[in-house]
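Student: Below you will find the structure I want to go over with you.
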Amino acid sequence: MKRLLLLFSTLCWTCTLSAQVYPTLGKVVRLDPALETILPANATIEVLASGFQWTEGPVWVAKGGYLLFSDTKQNTIFKWHPTKGLSTFLNPAGYTGNGSYGDEPGSNGLILNRKGELVACEHGDRRLSVMPLSGGGKRTLADQWQGKRLNSPNDVCQHSSGAYYFTDPPYGLPQKEKDKTREIEAFGVYRLDPDGTVTQVISDLKRPNGVALSPDEKTLYIGQSDDTQPYVMAYPVQPGGSLGKGRIFYDLTPLNRQGLSRAPDGLCTDVRGNVYTTGGGGLLILSPQGKLLGRLELSAATSNCSFSPDGYLYITAENYLCRIKTLTKEQ
């Protein structure tokens, strides 16, 4: 922790009473005029903190004005405050057993639910958990389907009905897809209803990862982290919460052929319906119709993203926590 705080302080070039100036990383690649309505002309990718092992799951806490994010390898949820800097929020965060558990035992995707509680996808404890931000411990929301233990819940979003959608690839298992403790054949996508019922809503994706709803909640987006099928998928949300037939919303294969490698990981949407997905050498900004408007090129493998109400897009990328100012906001 001391090393992280030291790295954070050395990254900050200048500190004044009016503003903090941060170093920058990568570049913005503008491919369509519509991007001008999303990113200011002077937008840069700021590095807020560094020195982590694998950052994931950023979520802004409006009541308190700070960001929480996971380090899956350190089994820790960190807290970043604009004026107070970096601190440990929770440890252990995803594995509470004895001994070690694979190389990514911690929490992954994080959200605040409609009650303001922290919902976490936990690799090591193989569950979806919920806890108040203060004054109470965790409760298990889901850890099995049809009596079989989940693999390693990865990312989650919540519908206005109170239902959750979450993905369950093998990345948090000690031996990944070859782990002998696997109990479910498919790497599925699940819906958790308010009454506690868990339903497998997608079973035919190789590596479902990031998950997000469109602003009107009519579409569920899933990022597939498979190099042979690096797709962002779109599924119509039916009355009652089931999903219709999926379609490829955006195919990253052409970008991979250009050397902009890495399949989709985490993703999010804004109030206008634009989709922000990691992959393709950084982060891609897609229109609601699936047109590539621009890219954020980063020199680190980019894992996830989410907005704060003031329009900052927070980005986790390998050992970095970053952000970029936008002209839009969260949905």
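Student: Y250: of a type outside the set (V, I, T) and open to solvent by less than 30 Å² (accessible area, probe 1.4 Å), yes or no?
Tutor: Spelling it out, it is not the case that Y250 is of a type outside the set (V, I, T) and open to solvent by less than 30 Å² (accessible area, probe 1.4 Å).
Student: Which ones in the range 307-323 are in a strand (DSSP E or B) and open to solvent by less than 20 Å² (accessible area, probe 1.4 Å)?
Tutor: Selection gives F307, L313, Y314, I315, T316, A317, L321, C322.
Student: Still on this structure, I have one more. Select from the range 271-292 the residues that are hydroxyl-bearing (S, T, Y) and either surrounded by fewer than 24 Cβ atoms within 10 Å (Cβ to Cβ) or under 18 Å from P215 (Cβ atoms) (or both) and write down the one among them that is farthest from the chain's Cα centre (by Cα).
Tutor: Of everything passing the filter in the range 271-292, S287 is farthest from the chain's Cα centre (by Cα).
Student: Can you name the number of the only condition in (1) closer than 19 Å to G241 by Cβ; (2) open to solvent by 50 Å² or more (accessible area, probe 1.4 Å); (3) polar (S, T, N, Q) that T167 fails?
Tutor: (2)
Student: Also, I was wondering about something else. Any idea which of E297, E217 is in contact with a Gly (Cβ under 6 Å, 6 or more places away or on another chain), under 26 Å from G311 (Cβ atoms) and of a type in the set (D, E)?
Tutor: Only one candidate passes the filter, namely E297.
Student: How many of the residues making up the range 271-290 are under 14 Å from D216 (Cβ atoms) and outside any loop (DSSP other than H, G, I, E, B)?
Tutor: Residues meeting the conditions: 1.
Student: Report those strands (runs of 3 or more DSSP E) wholly inside the range 166-240 carrying at least 3 residues which are farther than 22 Å from G147 by Cβ.
Tutor: Because the criterion is at least 3 residues that are farther than 22 Å from G147 by Cβ, the strands (runs of 3 or more DSSP E) in the range 166-240 that meet it are 208-213, 219-224, 231-236.
Student: Please go through (1) in contact with a Phe, Trp or Tyr (Cβ under 9 Å, 6 or more places away or on another chain); (2) over 20 Å from S303 (Cα atoms); (3) touching a residue at least 40 places away in the same chain (Cβ under 8 Å) for H81 and return the number of the only condition it doesn't satisfy.
Tutor: (3)
Student: Oh, and also: Could you check the range 21-53 and list, in sequence order, the residues that are farther than 28 Å from F78 by Cα and charged (D, E, K, R)?
Tutor: Across the range 21-53, the qualifying residues are R30, D32, E36.
Student: While we're on this one: Please find, among D168, D193, D155, the residue that is among the charged types (D, E, K, R) and touching a Pro at 6+ places or on another chain (Cβ under 7 Å).
Tutor: D168
Residue-by-condition table, conditions (1) among the aliphatic types (A, V, I, L, M); (2) more than 30 Å from L192 (Cβ to Cβ):
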position	(1), (2)
D265	no, no
C268	no, no
R272	no, no
G281	no, yes
L286	yes, no
L298	yes, yes
S306	no, no
Y314	no, no
N319	no, yes
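Student: Out of the residues in the range 188-230 meeting the condition of being of a type in the set (G, A, S) and in contact with an Asp or Glu (Cβ under 8 Å, 6 or more places away or on another chain), tell me which one is surrounded by the most Cβ atoms within 10 Å (Cβ to Cβ).
Tutor: My answer is G223.
Student: Based on this model, can you work out whether L31 counts as within 23 Å of the chain's Cα centre (by Cα) and hydrophobic (A, V, I, L, M, F, W, C)?
Tutor: Spelling it out, it is not the case that L31 is within 23 Å of the chain's Cα centre (by Cα) and hydrophobic (A, V, I, L, M, F, W, C).
Student: Restricting to the range 94-133, name every residue that is of a type in the set (K, R) and either within 16 Å of F69 (Cβ to Cβ) or over 19 Å from the mean Cα position of the chain (by Cα) (or both).
Tutor: The one that is of a type in the set (K, R) and either within 16 Å of F69 (Cβ to Cβ) or over 19 Å from the mean Cα position of the chain (by Cα) (or both): K115.
One line per residue, one yes/no per condition, for (1) farther than 20 Å from L205 by Cα; (2) touching a residue at least 12 places away in the same chain (Cβ under 8 Å):
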residue	(1), (2)
S134	yes, no
A142	yes, yes
R149	no, yes
Y171	no, yes
R182	no, yes
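Student: Counting only residues that are open to solvent by less than 30 Å² (accessible area, probe 1.4 Å) and either modelled with pLDDT of 95 or more or in contact with a helix residue (DSSP H, G or I) (Cβ under 9 Å, 6 or more places away or on another chain) (or both), give me the strands (runs of 3 or more DSSP E) lying completely in the range 1-98 with at least 3 of them.
Tutor: Output list reads 46-50, 55-61, 66-71, 76-81.
The values are calculated or read from the model by the stated rules, or taken from the named source; none is laboratory data. Treat the numbers as computed from the prediction; the structure is a model and nothing was measured. Ideal geometry is used to build each Cβ from the backbone, glycine not excepted, and the neighbour counts take in all protein chains shown. Only protein heavy atoms, including side chains, enter the accessible area calculation; ligands, DNA and RNA are left aside. Shrake-Rupley method; radii C 1.70, N 1.55, O 1.52, S 1.80 Å.
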